[in-house]
Every structure is written in structure tokens, then in C-alpha cells.
There are 2 protein chains.
Amino acid sequence: MFAEIITIGDEILIGQIVDTNSAYIAQELNKIGISVYQISSVQDHREHILQALEEACSRADLILITGGLGPTKDDITKHTLCEFLQDTLVLNKEVLSHVEYLFEKYITTPISEMNRQQAFVPSRATILPNKYGTAPGMWMHRGKQVLVSMPGVPFEMKNLMQHEVLPRIQEQFHRPFILHRTIMTYGLGESAIVERIEDWENALPQFIKLAYLPNLGKVRLRLTAKGSDKEKITEAVDTAIQALYGIIGDIIYGEEEAGSLESGIAKIMTKKGLSLATAESFTGGKIAQQLTSIPGASAYFKGSVVGYATEVKKEVLGVPEDLIKKHTVVSEEVAKSMALQARKLFKADFAISTTGNAGPTKGDSDVEIGTVFIGIATPNTVFAEQFSMGNHRVRIVQKSVHKAFELLKKEILKI
Amino acid sequence: MFAEIITIGDEILIGQIVDTNSAYIAQELNKIGISVYQISSVQDHREHILQALEEACSRADLILITGGLGPTKDDITKHTLCEFLQDTLVLNKEVLSHVEYLFEKYITTPISEMNRQQAFVPSRATILPNKYGTAPGMWMHRGKQVLVSMPGVPFEMKNLMQHEVLPRIQEQFHRPFILHRTIMTYGLGESAIVERIEDWENALPQFIKLAYLPNLGKVRLRLTAKGSDKEKITEAVDTAIQALYGIIGDIIYGEEEAGSLESGIAKIMTKKGLSLATAESFTGGKIAQQLTSIPGASAYFKGSVVGYATEVKKEVLGVPEDLIKKHTVVSEEVAKSMALQARKLFKADFAISTTGNAGPTKGDSDVEIGTVFIGIATPNTVFAEQFSMGNHRVRIVQKSVHKAFELLKKEILKI
């Protein structure tokens, strides 16, 4: 069984927005055993939507559609779906009173005829209440196929997925078991790994698929297995991974967990009652921002001092001036001092520091672009490591933030 | 003339990555007058890629393809393109010496047969050198249609687009002129705007298309015009926008510039030689991170103190304790004091502060979730404004960061 995703909206085709809805929907479907065959982004044009629906229906049993449900002229998804399914629009009183309620509670302008139109839905559609907006989700049938239409606003769509769409899919579709596991390696390129694991790869059972995912100086190996026998699949993948450790255990540094590295840190620190502060130079607040984007960060994250300039390191953080003079601002000694000072300033158990040069021009230091130091202060020790992160500004910051989280995680696991 | 984009890779279909390549390519194509008809994301499967190529070729003259060009077994784009175009792979000596050069310079492991395979390309393809990676771009013909294959790694693809693909497209395709202009409104909902501008919208010339883009509490109106006569189109859109100001001038607060609000701030501050600091509570470093993500931020951005906790506001920033006691930590007075203290601590001309409650639980304050204060300190004054940003954590932060930039921009334009 396959699903397809269709995202509708000219704003996607002109590149005004990045379509994040598809990745979210694909991820959620995979979790419950449904593979996505194709993702298509199409324009707000009747013929184009009809064609995309036709094509998707020729390949998949479940079609999830987002976008084009607003009240204005350019939003034609609802009418086009009606045409495709040979249905007609009828007034739904529950939707109407929800729209009226939203207007009364949150919107200052009076409700208009156009807003009331939001309550017209295909006569045979099951309505999925949209708590956060005026356009409801719609669950529709076409023979044995299911088509689901949701608004394109990400937080409205996500809420509908969680509370309405996913439970219905789980109820109505017979699904295989899908298992993804991703092994993280460091230190060898994609093709060098291939050569080492060639025999292992060729001996994998047919139902296990391997993918190489090079990113941020690492190669991740994703194993995907699919079938009806959960136990058999889980065991086969376990066995394959154990064998893999036997062959390239020297470059494997762990398995990718569900969720990000920083959410793992958040969980551990909260559970152990530990606290964290950061002193960020070239990472510009990205470490703090990634940590605080996880709800509940206030339980362990004390705060951060962000500053490129040498004077901030001296005056706000209190790094000794002679230390900077002696070792230069991008140095192991300064990274260590920054971590220590952040730990002290924020009264935290742990601190991360970053100092380096992300380019495009050299700053208060003469080091090469891409040279960075990451410091970690713990209740027991302080250290800093030097890295060469390449010459691409955005990637230098990304890689460094990731590396900082890795170093920190290792330390908090020791406590 | 239409283009289509095909992004290839199982990692997209299982939601492991968000496909940002498509939005970038679509945006760049639009700038040079090429409309994208459809974006399709497909799996690393031979039949599926062939089918997607067939479908795209039935609709478009130019097909841009990313992904599936790695050296490993799961990367089959090159072979499949060869099959589709009835071509064969031949060794390209320039690509080979580039691959050898990259291995010698950057990669510690010895070059392997598999790496050398990267130098095999379709015999009739024009090779587009990939400075940053081993997989070259390929420019191919199929009758009058052009197919371009690029690696999926975003920074490799972007470099190829800028230096190889876009110049060739501009040379080889006759392109219409496309103009997008986006008017930003605030204070009225989508449907209320529709009612006020209905007559204006109906009177628009056929070649001007209007779209409503509601986001972050605002509605943006995008006008898109397309045709061969650049002067006529520009004039017609100008006239339409002037007329629009006559009707809803009360809710228009500007036109969206190419580039973000923060890049506008960066330009103005750098040009005027002004400097900026921030004190961020619930925004958690996102303001600093967005500012420092723009190259050259060190010219004007001094730094930031990030901290949720009341003690950080007191001890690191120096907000007076009795002020917090009297007004509570989420208050106009504390926001003002935070901005003043940040300006002083970092010796900056301007400072932004944020204090509020982004949920999901109440922090050191009893205010409602979504209640925030944004403070601005300037060389001449200090003020803070209160906002209600809804009840969705991520959006509360996004809206507040955006609002902070708006408030700051107004002030720096006064200097």
C-alpha cells in the first residue's frame, strides 16, 4: 500500500515558501507503516489539480492534500475536489458555528458571506474539525481510495494530522510494519565505507534496503525493512547491525535516535536535574536557539552570552585580557576560559563555548576560515577541541553546533 | 514555456529531510522569467524516475533534477537518465582529474574504483564542473527539451545553479518577463480585505494575478504579471498598486522587499555605522541567530544576553530587583530596562529586548501564554510595546522576532 502527498499553492512553485508540510506528513505516515510513493507540488489551477489527483490515484490508495482551502478566489481546492469526486458542496452547520465562534472570539472584523462559505463542504465528505482555523479537514472516498484534504497552514495541518487523520488511517488501513534504523559513522568517505561493507551489503536479506546519507562530514547508513512479520523484521535488522559493528565498529559512533541530538540532551539534563549555559562567538546564538526551540528548555537552560567581538569576551564574559593577548582570541585557551566564565556567570553545571572563524572574512583573529574551537566546562573539568569545518559559512556553523552537542552529550552521560 | 523540478531520494519520501532545493531552484527560475509547472519528489527507483521524467517531459521544456548522483549503489540517477535518453556512460578525463584532485587535497582515504566511477557521464551530456564535490552537473538534450542533473547536496547544487545552469538557461531560452510584487497589510483578515478590494480585483488586467498570503497575523497580497512587454507590465502593476493604496492604504504597511527584514536591517545599520545588541528572554537567542546568519553581521551586531530566568535578567543584565518585584518580570518596565541594560553592557547604539510567555507552561510570571513585551532602546529613547501573540509556542516566538525587527527598522530609519 502506498500514499501520495499533493501540496497545492502557487507560493510553492514560485519558491516563496519551502514546503515543509510534505516532510512532516511523510515522516508521520512512515511511523505507522505507510510508504509515500511520490510528493507533488502543483499550482492553484483547476486542470493542474485534476491532473495531479488523477496521476496520484493511479499509483496510491491514500492521497493527502494540503493547501488551497482559504476563503478567497485563488483557493480552489475544495471546488476541484468536488468536481473530481462528482460531489456537490453543502452547508455544514457545525463548521458554520465553529467559523462564527472563531470570528466572535479572535477576529475584530464582522463575519462575512465569504467566511460563511468556508462551511460549505462536499456532501459525502467526513468533516475533520480544525480547532485553529476556519477551513475544516475533509476525509473523502473514491471507491476504495481515500483522499484527505487539509489546510496548508503548518500548525493547523499538524493538529489535524495528529488528532483526526492518523487515527483514522490506523483504523481503516491494513499496514505493514516499517522499521528505519540509522547508524552514524565518522572518519571515512561514502565510497571507502562501501568497499569495506560490500560483502555485508550483498548478503542483506531482500527486505532490508540500505541507503548512504553523507552530511556534515559524516556518513549515516540507513537500513529500512518492511513486511508483515514485525518480529522477524526487527530480528533481521538487529542481526545485520550487529554484523556491521563487527566490520566497521571503528568508525561507528552511535545510532541516530528518534528526535534530534538536542532533544536527547534536553531529556537527559532535565531528568538528572542538571543545568547548562553557553558562550557563543561565531555560532551567533544558534546553540541557544536550538536548545530553546524545545518546549521545557527553561528547566535546564540558564542562558547564553552571544558576541563576536573580543571586547564582549573580555567585558561581558570576563575572559582575562592577557590570556587573549597571549593565545589569540581563536584558541584552545580562550575557548576553555569562555566555557568556565559562562558556567560561573549563569551558575550552571555545564557550559558550552565556541570561538572560531566562519568567514567570509577573517575577524579579530588570523586563523584560517573554518578553524573553530569548542569548549566544554563540566562540574569536574574543562576542555576545548579544535576542528577544521571547511570553508562554507553556513555549514561551518551547522557542523560546529552539532559537534558541540555531541561533545556535551558525552559529558552529561558521565554524570 | 514551463520548467519542472524533480528531486530524487528516498530520504525525501520518508520525511528524513525537508526538500529545500526545490524552493531555491523555483525562486531562481522565477527571477529570470521561467515559471515552474510542477515539483515532484520521487524515490531512488528506476521505474519511478523514468515515469517522473516521462510525465515532466510531457508538460515542460526544461527539467531540473537533483539527487541520486552519489557513488553508491542506491544512487541510480545517472544510469537512469542514460536509459531515458538512450545514451551511454563514457569516461570524462576532466571530471576524473577533478575527483583525483579532491581526494588528494581533502580526503584522507585513498581514491577507489567507485570514486573513479563518478567520472563516467552520458556521452552527449555537457559537463558542469562541481567545485565542491565529486559528482558533476550534467546538461542534456532530448529534442528541443533540456534536462539538467545536479547533486542533491544544497550548497553544491546552489553553486552549480549560479555559475553554470542559470547562465546557460538565460542564453538558450527565450523567456517572458515575470514580475512579482507583494504588498503587506496588517489588521484585517483575508476575507475582510477581499470585500474591500473586490471591484479593484475584478478590474485587474488578465495578465495580473492576485494571491492572498495570510501568515503571522498579517495578510500579504502578491501580484504576479507575466508577458513579453516589460514596460507595459511594470506600468500596469504600478498603476494597480497605486489604486490599491487608494482603497486599503490604512492597512498597508509596506511592500515586501527582496530579502528578509533582517537583511534590510543589516544593510541600513552597516551603511550608517550603527551597532546593535539584544537581551532575549522567551525568544531564546532566535533574534541573535537570525541576525548572525547574514554574512558581515560582525560589522554592526555586538552581541546578546539570552536567558529565561529572572536571575539572569538581574545578575547578568543588571535589571534592578525592585523593578521586577514592582512590575513583575513580564512587564513594560522590565522590557525597557532590559533594552537599556543591553545597550549599556554591549556599548551599542540600539538594543532589542524580549520578555514574555511562549508557553507551554507559565514561567516566572503569571501572564497569559502569548503575552509578550518587546523593548527598543535607541540613542534617543527607550520604549516597550505589549502584544498578544496567540497560544502556539513556535508562532509566538516567530511573530515576536518579526515584530522586533519591524520596530527596530522603524527606529533606525529615523537616524
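For beta carbons closer than 6 Å, sequence separation of 6+ or different chains, a first residue in the stretch A:41-56 that is free of Cβ contacts under 8 Å to residues at least 12 places away in the same chain and a second that is of a type in the set (A, V, I, L, M, F, W, C), the qualifying pairs are A:H48/A:V42.
Give me the residue from the stretch A:294-304 that is facing another protein chain (nearest Cβ under 8 Å) and touching a residue at least 24 places away in the same chain (Cβ under 8 Å) and, out of that set, nearest to A:S337 (Cα to Cα). Can you show your working first?
Of all residues in the stretch A:294-304, those facing another protein chain (nearest Cβ under 8 Å) come to A:295-298, A:301-304.
Adding the requirement that they be touching a residue at least 24 places away in the same chain (Cβ under 8 Å) leaves A:296-297, A:301-304.
Numbers: A:G296: 29, A:A297: 25, A:F301: 20, A:K302: 18, A:G303: 17, A:S304: 15 Å.
Top of the filtered list is A:S304.
Looking only at residues in the stretch B:132-162 that are more than 25 Å from B:V18 (Cβ to Cβ) and surrounded by fewer than 17 Cβ atoms within 10 Å (Cβ to Cβ), the one that is farthest from the other protein chains (Cβ to nearest Cβ) is B:H141.
Checking the stretch B:329-341 against the condition returns a match, with at least one residue being under 17 Å from B:F373 (Cα atoms) and among the acidic types (D, E).
How many residues does the stretch A:164-180 hold that are part of a loop (DSSP other than H, G, I, E, B) and polar (S, T, N, Q)?
Of the residues in the stretch A:164-180, 0 are part of a loop (DSSP other than H, G, I, E, B) and polar (S, T, N, Q).
Residue-level analysis places A:L221 outside the set of residues that are in contact (Cβ under 8 Å) with a residue 24 or more places away in the chain, within 21 Å of the chain's Cα centre (by Cα) and away from chain B (no Cβ under 14 Å).
So that you can scan it fast, the table gives a plain yes or no per residue for (1) closer than 24 Å to B:P167 by Cα; (2) assigned by TED's automatic domain parsing to the domain that holds B:L166; (3) touching a Gly at 6+ places or on another chain (Cβ under 8 Å):
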site: B:K31; (1), (2), (3): yes, yes, no
site: B:E47; (1), (2), (3): no, yes, no
site: B:A52; (1), (2), (3): no, yes, no
site: B:T66; (1), (2), (3): yes, yes, yes
site: B:H79; (1), (2), (3): no, yes, no
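Under the condition of being in contact with a Gly (Cβ under 8 Å, 6 or more places away or on another chain), in a loop (DSSP other than H, G, I, E, B) and of a type in the set (A, V, I, L, M, F, W, C), the residues counted in the stretch A:238-274 number 1. Would you confirm whether any residue within the stretch B:257-278 is at pLDDT 95 or above, closer than 24 Å to A:A309 by Cα, touching a helix residue (DSSP H, G or I) at 6+ places or on another chain (Cβ under 7 Å) and among the acidic types (D, E)? For the stretch B:257-278, residues at pLDDT 95 or above, closer than 24 Å to A:A309 by Cα, touching a helix residue (DSSP H, G or I) at 6+ places or on another chain (Cβ under 7 Å) and among the acidic types (D, E): absent.
Just to be sure, is B:G187 within 12 Å of chain A (Cβ to nearest Cβ) and surrounded by fewer than 17 Cβ atoms within 10 Å (Cβ to Cβ)? Considered against the rule, which asks whether it is within 12 Å of chain A (Cβ to nearest Cβ) and surrounded by fewer than 17 Cβ atoms within 10 Å (Cβ to Cβ), B:G187 comes out as yes.
Among the candidates A:P110, A:P129, the residue that is surrounded by fewer than 18 Cβ atoms within 10 Å (Cβ to Cβ) and facing chain B (nearest Cβ under 9 Å) is uniquely A:P110. Within the option set A:F173, A:F177, A:F207, being at pLDDT below 90 and either within 21 Å of A:K93 (Cβ to Cβ) or surrounded by fewer than 19 Cβ atoms within 10 Å (Cβ to Cβ) (or both) holds for one residue only, A:F177. The single condition from (1) closer than 30 Å to B:T361 by Cβ; (2) at pLDDT below 95; (3) touching a helix residue (DSSP H, G or I) at 6+ places or on another chain (Cβ under 7 Å); (4) in a helix (DSSP H, G or I) that A:I287 fails is (2).
Per the listing A:T361, A:T310, A:T371, the residue uniquely in the same structural domain as A:F282 (by TED's automatic domain parsing) and under 29 Å from the mean Cα position of the chain (by Cα) is A:T371.
Residue-wise test of (1) of a type in the set (G, A, S); (2) buried (at least 22 other Cβ atoms within 10 Å of the Cβ); (3) more than 20 Å from the chain's Cα centre (by Cα).
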{"site": "A:N21", "(1), (2), (3)": "no, yes, no"}
{"site": "A:Y24", "(1), (2), (3)": "no, no, no"}
{"site": "A:Q27", "(1), (2), (3)": "no, no, no"}
{"site": "A:Q38", "(1), (2), (3)": "no, yes, no"}
{"site": "A:S41", "(1), (2), (3)": "yes, yes, no"}
{"site": "A:A52", "(1), (2), (3)": "yes, yes, yes"}
{"site": "A:T88", "(1), (2), (3)": "no, no, yes"}
{"site": "A:N92", "(1), (2), (3)": "no, no, yes"}
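Inspect the stretch A:191-198 for any residue being in contact (Cβ under 8 Å) with a residue 60 or more places away in the chain and either touching a strand residue (DSSP E or B) at 6+ places or on another chain (Cβ under 9 Å) or within 12 Å of another protein chain (Cβ to nearest Cβ) (or both) and give the result as yes or no. No; the residues of the stretch A:191-198 include none that is in contact (Cβ under 8 Å) with a residue 60 or more places away in the chain and either touching a strand residue (DSSP E or B) at 6+ places or on another chain (Cβ under 9 Å) or within 12 Å of another protein chain (Cβ to nearest Cβ) (or both). From the list A:A211, A:A192, the one residue that fits, being in a helix (DSSP H, G or I) and under 30 Å from A:K403 (Cα atoms), is A:A192. Being over 19 Å from B:L291 (Cβ atoms), within 14 Å of chain A (Cβ to nearest Cβ) and in a helix (DSSP H, G or I) is true of B:R395. For B:I294, indicate whether it is in a helix (DSSP H, G or I) and not basic (K, R). Against the criterion (in a helix (DSSP H, G or I) and not basic (K, R)), B:I294 does not qualify.
Which residues, counting only those in the stretch A:305-328, are within 14 Å of chain B (Cβ to nearest Cβ) and either free of Cβ contacts under 8 Å to residues at least 40 places away in the same chain or part of a helix (DSSP H, G or I) (or both)? Listed by number, the residues that qualify are A:V306, A:G307, A:T310, A:E311, A:V312, A:K313, A:K314, A:E315, A:V316, A:L317, A:G318, A:V319. Per the listing B:M161, B:M140, B:M184, B:M157, the residue uniquely at pLDDT 90 or above and in a strand (DSSP E or B) is B:M140. Are any residues in the stretch A:226-237 under 13 Å from A:I178 (Cβ atoms) and in a helix (DSSP H, G or I), and if so, which ones? A:K230, A:I233, A:T234, A:V237 - these are the residues of the stretch A:226-237 that are under 13 Å from A:I178 (Cβ atoms) and in a helix (DSSP H, G or I). Taken over the stretch B:218-238, the criterion of being among the polar types (S, T, N, Q) and either touching a Pro at 6+ places or on another chain (Cβ under 7 Å) or outside the structural domain of B:V194 (by TED's automatic domain parsing) (or both) is satisfied by B:S228 alone. Taking the conditions (1) within 12 Å of another protein chain (Cβ to nearest Cβ); (2) over 21 Å from B:Q289 (Cβ atoms); (3) in a strand (DSSP E or B) in turn, A:T354 satisfies each one other than (2). What strands (runs of 3 or more DSSP E), lying completely within the stretch A:11-106, carry at least 2 residues that are more than 14 Å from every other protein chain (Cβ to nearest Cβ)? Output list reads A:62-66, A:89-91. Note on the stretch B:126-170: residues that are without any contact (Cβ under 8 Å) to a residue 60 or more places away in the chain and within 20 Å of B:A52 (Cα to Cα) amount to 5. Scanning the stretch A:335-374 for residues that are crowded, with 24+ Cβ neighbours inside 10 Å, farther than 9 Å from A:A384 by Cα and without any contact (Cβ under 8 Å) to a residue 40 or more places away in the chain turns up just one, A:S337.
The values are calculated or read from the model by the stated rules, or taken from the named source; none is laboratory data. Please read all numbers here as calculations on a predicted model, not as lab measurements. In this analysis, Cβ positions are derived from the backbone assuming ideal geometry, glycine residues included, and neighbour counts consider all displayed protein chains.
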